[in-house]
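Written below as structure tokens is the structure these notes are about.
The values are calculated or read from the model by the stated rules, or taken from the named source; none is laboratory data. Keep in mind that what you see is a predicted model, and the values were worked out from it rather than measured. All Cβ positions, even for glycine, are placed from backbone atoms using ideal geometry, and neighbour counts span all protein chains on display. Heads up: the accessible areas ignore ligands, DNA and RNA and are worked out on the full protein's heavy atoms, side chains in. Shrake-Rupley method; radii C 1.70, N 1.55, O 1.52, S 1.80 Å.
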Amino acid sequence: MVEIKNPLYNAVAPSTQSIHADSHLRVTSDVTAPITVSTTFEYAKTSVDACNYGPDQRYVYSREGTPVLTKVEATLSTLCEGHAVVYGSGLTAAYAVLIEHRPKKIALGDCYFGIREVVKQYQRLVPGVQVVGLECSYEKVDMVWLESPINPTGEVKDIGSYALRAHAAGAILVVDATLAPPPLSYPFRQGADIV
């Protein structure tokens, strides 16, 4: 796959990044990628792995990706200073994080009620998963889930201190920054592993 984050825009203002961060993916003279309404993409007769849009881009079904989603992910990756993956909702993204990392013990504090429901669903599917408080000892915790600012109170947590505690215990730190997304709070700079 092509590099999603455009390294050419690391040192420019966020306003410039948001406009030009996906320019390395441009393969036409269009200023922006046209909206893709296709659900299926054509590929070379010789191989399903044939390039069909841009350098090293391969699209087969829209549920796996489209040129527009790739450009959105490139822009967000640059703005957030990390690798962005776009989902249909924040709760879908949260569930994907749990499924990908399969934690057995999660430290979870105050958060949006939907996150608690996603964690409960994950517990039903993966027997033996424990959920402990965010302020507990992180012994045997493999995922710390921090929301900052907290929805709906707006309380801001010190991401850096939680990152130090989580990493000292060998856990990853997930930061839900819905109310202050990365261009405002930069959780990756403060030690978050996933935002």
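Compare His83, His101 by solvent-accessible area with a 1.4 Å probe and give them largest first, with all protein chains kept in place.
Largest accessible area first, the residues go His83, His101.
In the neighborhood of Arg165, defined by Cβ-to-Cβ distances under 15 Å, what is the net charge if each Lys or Arg adds +1 and each Asp or Glu adds -1? Mind showing how you got there, number by number?
Values: positive: Lys105, Lys140, Lys157; negative: Glu135, Glu139, Asp142, Asp158, Asp193.
Overall, the nearby charge balance is -2.
Would you mind classifying region 153-195 by shape? Square roots of the alpha carbon gyration tensor eigenvalues, ordered a ≥ b ≥ c; an a/c under 1.5 is rounded, otherwise it is prolate if a/b is larger than b/c and oblate if not.
Verdict is prolate for region 153-195.
Report the trypsin sites (Lys or Arg not before Pro) located in region 156-193 that are in a DSSP loop and have at most 13 other Cβ atoms inside 10 Å of their Cβ, or state none.
Those that pass, being in a loop and sparsely packed, are Arg189.
Quick one: which residues, 5 or more positions from Val131 or on another chain, have an amide H under 5 Å from its amide H? H modelled 1.01 Å from N in the peptide plane, none for Pro or chain starts.
HN-HN under 5 Å from Val131: Ile106.
Could you give each residue of region 95-104 its phi-based ³J(HN,Hα) in whole Hz, using Karplus coefficients 6.51, -1.76, 1.60 with θ = phi - 60°, and x for Gly or Pro?
Each residue's phi maps through the Karplus curve to give 5, 4, 4, 5, 5, 5, 9, 6, x, 9 Hz.
Glu155's amide H: which non-local residues (gap 5+, or another chain) put their own amide H closer than 5 Å, with H modeled 1.01 Å from N in plane and none for Pro or chain starts?
Amide H to amide H, under 5 Å and 5 or more residues apart or across chains, Glu155 pairs with Ile150.
Is the C-alpha gyration tensor of region 87-156 telling us rounded, prolate or oblate? Criteria: a/c under 1.5 is rounded; beyond that, a/b larger than b/c is prolate, otherwise oblate.
The shape class here is oblate.
Pop the C-beta distance of Val68 and Arg102 into the FRET formula with R0 = 22 Å and round what comes out to the nearest 0.05.
The formula returns an efficiency of 0.10 here.
From the phi of every residue in region 135-140, what ³J(HN,Hα) in whole Hz does the Karplus formula 6.51 cos²θ - 1.76 cosθ + 1.60 yield, where θ is phi - 60° and glycine or proline is x?
8, 6, 5, 8, 4, 6
Decide, for region 103-195, between rounded, prolate and oblate: order the square roots of the alpha carbon gyration tensor eigenvalues as a ≥ b ≥ c, take rounded if a/c falls under 1.5, and otherwise choose prolate if a/b is larger than b/c, else oblate.
Working: a/c = 1.96, a/b = 1.28, b/c = 1.53.
Note, shape of region 103-195 comes out oblate.
How many nm is it between the label spots at Glu139 and Lys157, if each spot is 7 Å from the Cα in line with the beta carbon?
A separation of 2.1 nm, rounded to one decimal place.
Taking the Cβ of Asp110 as the centre, find all other residues whose Cβ is under 13 Å away and add up their charges (Lys, Arg: +1; Asp, Glu: -1).
Around Asp110, the charge tally is -2.
What is the set of long-range amide H partners of Met143 at a cut-off below 5 Å, with H atoms built 1.01 Å from backbone N?
For Met143, whose amide H was placed from the backbone, the distant partners under 5 Å are Lys105, Ala107, Ile172.
Just to check I understand the Karplus step: with θ = phi - 60° and J = 6.51 cos²θ - 1.76 cosθ + 1.60, what whole-Hz values come out for region 81-94, glycine and proline as x?
Working through the residues one at a time gives 6, x, 8, 9, 10, 8, 10, x, 7, x, 5, 5, 4, 4 Hz.
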